[in-house]
Amino acid sequence: FIKIILRDFLRSLTSSNRKIQKVVIYGAGSAGAQLISSLRTSGDFKILFIVDDNKKLWKRNISGIKIKSPESLKNINYKIDNVLLAIPSLNLQRRKQIIYKIQDYGFSILEVPSIDEITEGKAKIENLRRINIEDLLQRDIVNPIPELLINSIQNSIVLITGAGGSIGSEIGLQLCKLNPKKLILIDSNEKNLYELINNLEKFNSKSNKIKFVLGNCCDKMFMDRLIKEDKVELIFHSSAYKHVNLVEKNPIQGLLNNILSSYVLCHLATLHKIDKVILISTDKAVRPTNIMGASKRVSELLFQAYNSYFEDTNFSIVRFGNVLNSSGSVIPLFRNQIKNGKPLTITHPKVIRYFMTIQEAAQLVIQSSSLSKGGEVFLLDMGEPVEILDLAKKMIKLSGLTIKDKKNKDGDIEIIFTGLKSGEKLYEELLIDNKSKPTIHPLIYKAEETFIPYLEILPLIKELENYLRKNDQSNSLKVLKKLVPEWKKSF
């Protein structure tokens, strides 16, 4: 009897210190019913009511809890800690609509795991979690064309430069699943390469050989030996300094790394008669306003010039915009600022960007390589533009926090504008000459663009290399202007 009294006393102490969350469940289907059962067992939640889009269910109840219209969330004048989204089978478009509507009502949102996670035993229905902004920015999946994925890769010896970077590592991961004869992954960053080894070593086997190489692809002798020894047949050239502001402040190193690496690879590809070389380019190469964009534009011109002059190697370019969660992307920056309770910094209220998931970008790059006949500039359909200010607001709300502004001085996170940085644009674009053609893949297009002939560009590249080696910034930039007349110097 004393033990029972003591037990009940301890339970009462525990429950008095425990915060009970007041929640509303969105979804009156089987997932919603399972969630109600789980939350009642835990004792940490008070379920106020359920909402559902199905009018036939309104005014009914599940386990005594009323089902209402989603519009009933509009007029609530009491505190709700979270709205729990319990429709794991929702398609992407409808899911976005519901989330944005709940955000507009001013409520914090948690969701149940996906159907796949639940059925595979990776998560339970009650494992509620915050919604990632990446889930809202991605679009409905366009399945890859199997032949385009396999044709260039299967039984080929493939080299990826900059393999430790965001896009390079994802291309490497995708290729591991396509059974290349050999995969050579090179990066000059020791930390990135070490992480890559840990991530991909599980794919290393007798039938799927992976070689990890620490080195700089600007080193001609080093790359020559590597390509010759491994008999490379296909190259994905993703190695580059991509941080606009850093390259702007260090133009000599940015130009040396980005342009010289492309020049070295073009030369060695023709020397060893490599089948295909694919340059991973950027929308910042179109009418560039910064050194990084101009350096990538020169790389594009080199690839086009070499393709027009040499017959044994196909050179092509894949140009696209921002990749979600890549190094330097705004999303990790915002996420870190929110985590530390700092203001979100945006350069300009009207800045817009295009975003694509790393997985989708890598798949489209690989498929572009199969489409390549030589000299193409492939453009990836980046989807709808995203206002960075709107992105920042959504991320704050998805984190369960409020925006601090003139209307809400007691909010959690402030948004401040810092002004456009040197060389930064309000928006990016993919086309130079405003001409493109569709391909057999709905998200891959081909641009028709003019370029500098091989015999004209080569002397300029050699002149530029000479000045860069001498650390002569003034003359280096003069040559860069000759190569890319549309480039606008920002300093």
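For Arg95, the conditions (1) closer than 20 Å to Lys397 by Cα; (2) in contact with a strand residue (DSSP E or B) (Cβ under 6 Å, 6 or more places away or on another chain) all hold with the exception of (2). For the range 382-392, a residue qualifies if it is open to solvent by less than 50 Å² (accessible area, probe 1.4 Å) and either in contact with a helix residue (DSSP H, G or I) (Cβ under 7 Å, 6 or more places away or on another chain) or under 17 Å from Gln138 (Cβ atoms) (or both), and the qualifying residues are Met382, Gly383, Val386, Ile388, Leu391, Ala392. The number of residues in the range 470-491 being without any contact (Cβ under 8 Å) to a residue 24 or more places away in the chain, open to solvent by 40 Å² or more (accessible area, probe 1.4 Å) and assigned to a helix (DSSP H, G or I) comes to 5.
When Gly374, Gly383 are checked against the criterion of being modelled with pLDDT under 90 and on the phi > 0 side of the Ramachandran plot, a single residue qualifies: Gly383.
For Ser295, state whether it is part of a strand (DSSP E or B), of a type in the set (Gly, Ala, Ser), in contact with a Gly (Cβ under 9 Å, 6 or more places away or on another chain) and within 30 Å of Leu271 (Cα to Cα). So Ser295 fails the test. Taken over the range 302-316, the criterion of being crowded, with 24+ Cβ neighbours inside 10 Å and closer than 18 Å to Leu483 by Cα is satisfied by Leu302, Phe303, Gln304, Tyr306, Asn307. If you go through the range 246-271 and keep only what is surrounded by 24 or more Cβ atoms within 10 Å (Cβ to Cβ) and over 25 Å from the mean Cα position of the chain (by Cα), you end up with Leu265, Cys266, Ala269.
Look at (1) open to solvent by less than 20 Å² (accessible area, probe 1.4 Å); (2) more than 20 Å from Ser239 (Cα to Cα); (3) touching a Phe, Trp or Tyr at 6+ places or on another chain (Cβ under 6 Å); (4) at pLDDT below 95 and you find that Leu344 fails only one, number (4). Among the residues of the range 404-414, what is the count of those that are β-branched (Val, Ile, Thr) and either open to solvent by 30 Å² or more (accessible area, probe 1.4 Å) or over 23 Å from Asn325 (Cα atoms) (or both)? The number of residues fulfilling the criteria is 0. Of the set (1) at pLDDT 90 or above; (2) in a loop (DSSP other than H, G, I, E, B), all apply to Glu463 but (2).
The values are calculated or read from the model by the stated rules, or taken from the named source; none is laboratory data. Fair warning: this is a prediction, and the values are worked out from it, not measured in the lab. All Cβ positions, even for glycine, are placed from backbone atoms using ideal geometry, and neighbour counts span all protein chains on display. For accessibility, only protein heavy atoms count, side chains too; no ligands or nucleic acids. Shrake-Rupley method; radii C 1.70, N 1.55, O 1.52, S 1.80 Å.
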